[in-house]
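The values are calculated or read from the model by the stated rules, or taken from the named source; none is laboratory data. Remember, predicted model here, so these are calculated numbers, not experimental data. Cβ placement follows ideal geometry from the backbone for every residue including glycine, while neighbour counts extend to all protein chains displayed. With ligands, DNA and RNA removed, areas are computed over all heavy atoms of the protein, side chains included. Shrake-Rupley method; radii C 1.70, N 1.55, O 1.52, S 1.80 Å.
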Amino acid sequence: MRAVLLLVLSLALTGCTDSVNPTAAYLDDLRGQWVVINYWARWCKPCIEEIPELNQLDQLYPQVTVVGVNYDGTTGEELASSVKSFGIEFALLAEDPATILGTARPLGLPTTIILNPQGQINETLVGPQTLASLAQATRQKMVEVDGGA
């Protein structure tokens, strides 16, 4: 639900101002934390398979924030349906941040961009990630995860 609320807020803010990009403002607000920007698409099976890993990273590490970018630019009910069916619990950006970050849009999926606490790109990971690889990329110590249902 948080992801959908952020998306709606970002879209609402877009209509309120010409001078402030809501995605840039949101990323600026996250300075001081590690930010994990994950590009995903409904048709990308490895993207969908790594969503639980991203959810865990976002939940287990308070100094890390995970945000998603729908590669296809899906919006509205179609996006909300994907968020629900795939169990996405992290926030989604309303627009692709590649231009803001001064990088090219990813050519392959999944792609995950790691921003350091200063807001700079620290690393770009291509291919599906695990909680361990994401924790390592954000310089976090692995925590024990209860695997029970």
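No other residue among Ser10, Ser19 is at pLDDT below 95, in a helix (DSSP H, G or I) and of a type in the set (S, T, N, Q) apart from Ser10.
Note on segment 108-144: residues that are among the polar types (S, T, N, Q), crowded, with 17+ Cβ neighbours inside 10 Å and touching a helix residue (DSSP H, G or I) at 6+ places or on another chain (Cβ under 7 Å) total 1. Pairs are defined by a Cβ separation below 6 Å, a sequence spacing of at least 6 or placement on different chains, a first member in segment 111-134 that is farther than 18 Å from Ala98 by Cα, and a second member that is in a strand (DSSP E or B) and open to solvent by less than 20 Å² (accessible area, probe 1.4 Å); the pairs so defined are Gln129/Thr112.
Considering only residues of segment 83-109 that are among the charged types (D, E, K, R) and under 15 Å from the mean Cα position of the chain (by Cα), which is nearest to Pro22 (Cα to Cα)? Ranking the candidates gives Glu95 first.
Consider segment 45-60. How many of its residues are without any contact (Cβ under 8 Å) to a residue 60 or more places away in the chain and crowded, with 19+ Cβ neighbours inside 10 Å? Spell out how you get there, then give the answer.
Step one: filter segment 45-60 for residues without any contact (Cβ under 8 Å) to a residue 60 or more places away in the chain, giving 45, 48, 51-52, 55, 58-59.
After this cut, where a residue has to be crowded, with 19+ Cβ neighbours inside 10 Å as well, the list is 48, 51, 58.
Within segment 45-60, residues that are without any contact (Cβ under 8 Å) to a residue 60 or more places away in the chain and crowded, with 19+ Cβ neighbours inside 10 Å number 3.
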